[in-house]
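Peer 1: Quick one: the structure is below, and I'll ask about it shortly.
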Amino acid sequence: MKQPYELRYHPAAEDDLVEIFTLIKGYSGVASATRKLQAIEHVTGSLTDFPYKGTVRDEVLAGLRAIPAADKGVICFTIDEDDHAVVILTVSYAGSDWAARVRDRQ
């Protein structure tokens, strides 16, 4: 049986999650914000078993993949085969410019 990939977050991607929570909490409350983050975390968690999900976005960064999450979210990640890891570069929400964030974080 294949070993799951390790899930790693770019330090700024962790900040993205806090920003998303704060944004949603401001207009829908804590419960709604919590549900959205759980939905995002469900998708990121699935990448440990299925790291090649998502659309390849080599025009932004070689090896970049993007996958939708939680209705208005986009998770951008790369796969590090040497370390057997999925690296989350950014989590964007509600139309934020994920491509610019990825370029800033390479």
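Peer 1: From (1) closer than 18 Å to ARG101 by Cα; (2) over 15 Å from the mean Cα position of the chain (by Cα), pick out the condition that doesn't hold for LYS25.
Peer 2: (1)
Peer 1: If you check every pair at least six apart or on different chains, which have Cβ atoms under 6 Å apart with a residue in segment 1-12 that is under 15 Å from ASP104 (Cα atoms) first and a residue that is at pLDDT below 95 second?
Peer 2: Qualifying pairs under 6 Å: HIS10/ARG105; ALA12/ARG105.
Peer 1: If you check every pair at least six apart or on different chains, which have Cβ atoms under 9 Å apart with a residue in segment 21-43 that is closer than 18 Å to LYS53 by Cβ and surrounded by 12 or more Cβ atoms within 10 Å (Cβ to Cβ) first and a residue that is among the β-branched types (Val, Ile, Thr) and modelled with pLDDT of 95 or more second?
Peer 2: Once the first residue is closer than 18 Å to LYS53 by Cβ and surrounded by 12 or more Cβ atoms within 10 Å (Cβ to Cβ) and sits in segment 21-43, its partners that are among the β-branched types (Val, Ile, Thr) and modelled with pLDDT of 95 or more give ILE40/ILE20; ILE40/ILE75; ILE40/VAL91; VAL43/ILE67; VAL43/ILE75.
Peer 1: Still on this structure: Would segment 46-65 turn up any residue that is of a type in the set (Lys, Arg), closer than 16 Å to SER96 by Cα and touching a Phe, Trp or Tyr at 6+ places or on another chain (Cβ under 9 Å)?
Peer 2: Of segment 46-65, the ones of a type in the set (Lys, Arg) are 53, 57, 65.
Adding the requirement that they be closer than 16 Å to SER96 by Cα leaves none.
No: zero hits.
Peer 1: In this structure, is ALA70 touching a helix residue (DSSP H, G or I) at 6+ places or on another chain (Cβ under 6 Å) and at pLDDT below 95?
Peer 2: Here the answer is yes, as ALA70 does meet what is asked.
Peer 1: Can you tell me which residue within segment 48-65, out of those that are hydrophobic (A, V, I, L, M, F, W, C) and surrounded by fewer than 21 Cβ atoms within 10 Å (Cβ to Cβ), is nearest to LEU37 (Cα to Cα)? Even if it seems obvious, please write down each step before you answer.
Peer 2: So the first thing to find is which residues in segment 48-65 are hydrophobic (A, V, I, L, M, F, W, C), and the list is 50, 56, 60-62, 64.
Adding the requirement that they be surrounded by fewer than 21 Cβ atoms within 10 Å (Cβ to Cβ) leaves 50, 56, 60-62.
Numbers: PHE50: 20, VAL56: 24, VAL60: 25, LEU61: 25, ALA62: 27 Å.
Going through the qualifying residues, I end up with PHE50.
The values are calculated or read from the model by the stated rules, or taken from the named source; none is laboratory data. All of these numbers come straight from a predicted model, not from anything done at the bench. Positions of Cβ are backbone-derived with ideal geometry, glycine not excepted, and every protein chain shown enters the neighbour counts.
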